[in-house]
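Working notes for the structure below.
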Amino acid sequence: MRIVSVYDYPELLDEMAVWFSKKWGIPLEAYQESMKECLLGNSVPQWYVMLDNERIVGGLGVIANDFHMRKDLTPNVCAVYVEEDMRNQGIAGKLLNHVCGQMHDKGIDTLYLLTDHTSFYERYGWQYYCDVIEDSGGTSRMYIHTY
């Protein structure tokens, strides 16, 4: 298995956008737009997937804001997902570690992550930071990771 970015493999843009859209129910065009912005060479946004041969088995992104009111807590790791049949194999941890290293290489040492999980991300070095109000009005937990 290997982790690839849309920046390094732009030919995967449409396949990656479709995969994320199906997992999260967010319009395909939103992912395509963000991934196209990634190709411009900016540090944010970024998109990564784990490939098992040619099958996408997990992925995540880095965007400025993951639909919450705390615009000062940026950038955000988002859309973390691992296919159900591939869970409990360390894929999420590898993706999270990879993205932290990649962002560090781009000069970004602090990342945030919005989630409803209460113990999952701690095992990968993330710490609970605060509760935040989502754009939808609900409340979620914000985590922080510093390199």
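The values are calculated or read from the model by the stated rules, or taken from the named source; none is laboratory data. Just so you know, these numbers come straight off a predicted model, no measurement behind them. Virtual Cβ from ideal backbone geometry, glycine too; neighbours counted across all protein chains shown.
Tell me, which residue of region 24-56 that is touching a helix residue (DSSP H, G or I) at 6+ places or on another chain (Cβ under 8 Å) and polar (S, T, N, Q) is nearest to Leu95 (Cα to Cα)? This residue is Gln46.
Here is a list of conditions, (1) among the small types (Gly, Ala, Ser); (2) in a helix (DSSP H, G or I); (3) under 11 Å from the mean Cα position of the chain (by Cα), and Ser21 meets all of them except one; can you say which number that is? The one condition Ser21 does not meet is (3). Exactly one residue out of Leu40, Leu51, Leu73 is closer than 23 Å to Gly138 by Cβ and outside any helix (DSSP H, G or I), and it is Leu73.
Quick grid of which residues meet (1) at pLDDT below 95; (2) within 16 Å of Arg2 (Cβ to Cβ); (3) aromatic (Phe, Trp, Tyr):
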{"position": "Glu15", "(1), (2), (3)": "no, yes, no"}
{"position": "Tyr48", "(1), (2), (3)": "no, yes, yes"}
{"position": "Gly59", "(1), (2), (3)": "no, yes, no"}
{"position": "Cys78", "(1), (2), (3)": "no, no, no"}
{"position": "Lys94", "(1), (2), (3)": "no, yes, no"}
{"position": "Leu114", "(1), (2), (3)": "no, no, no"}
{"position": "Thr118", "(1), (2), (3)": "yes, no, no"}
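Of all residues in region 40-63, those that are under 22 Å from Leu111 (Cα atoms) and surrounded by 13 or more Cβ atoms within 10 Å (Cβ to Cβ) total 14.
How many residues are within 23 Å of Arg87 (Cβ to Cβ), more than 13 Å from the chain's Cα centre (by Cα) and part of a loop (DSSP other than H, G, I, E, B) when one looks only at region 54-70? Quick ask: steps written out before the conclusion?
As a first pass, look at region 54-70 and keep what is within 23 Å of Arg87 (Cβ to Cβ): 54-62, 66.
Now narrow it down to the ones that are more than 13 Å from the chain's Cα centre (by Cα): 54-57.
From what's left, part of a loop (DSSP other than H, G, I, E, B): 54.
Total satisfying the criteria: 1.
Using the structure shown, decide if Asp52 is modelled with pLDDT under 95, closer than 22 Å to Asn97 by Cα and among the acidic types (Asp, Glu). So Asp52 fails the test. Of the residues making up region 100-137, those that are in contact with a helix residue (DSSP H, G or I) (Cβ under 9 Å, 6 or more places away or on another chain), among the aromatic types (Phe, Trp, Tyr) and under 22 Å from Gly59 (Cβ atoms) are Phe120, Tyr121, Tyr124, Trp126. For Ala30, the conditions (1) over 15 Å from Trp19 (Cα atoms); (2) among the small types (Gly, Ala, Ser); (3) surrounded by fewer than 17 Cβ atoms within 10 Å (Cβ to Cβ) all hold with the exception of (1). Looking only at residues in region 114-147 that are part of a strand (DSSP E or B) and of a type in the set (Ser, Thr, Tyr), the one that is farthest from Val99 (Cα to Cα) is Thr139.
Taken together, the residues in region 103-128 that are in contact with a strand residue (DSSP E or B) (Cβ under 9 Å, 6 or more places away or on another chain) and charged (D, E, K, R) amount to 4. Considering region 76-100, the residues that are loosely packed, with under 15 Cβ neighbours inside 10 Å and in a helix (DSSP H, G or I) include one that is nearest to the chain's Cα centre (by Cα), namely Glu84.
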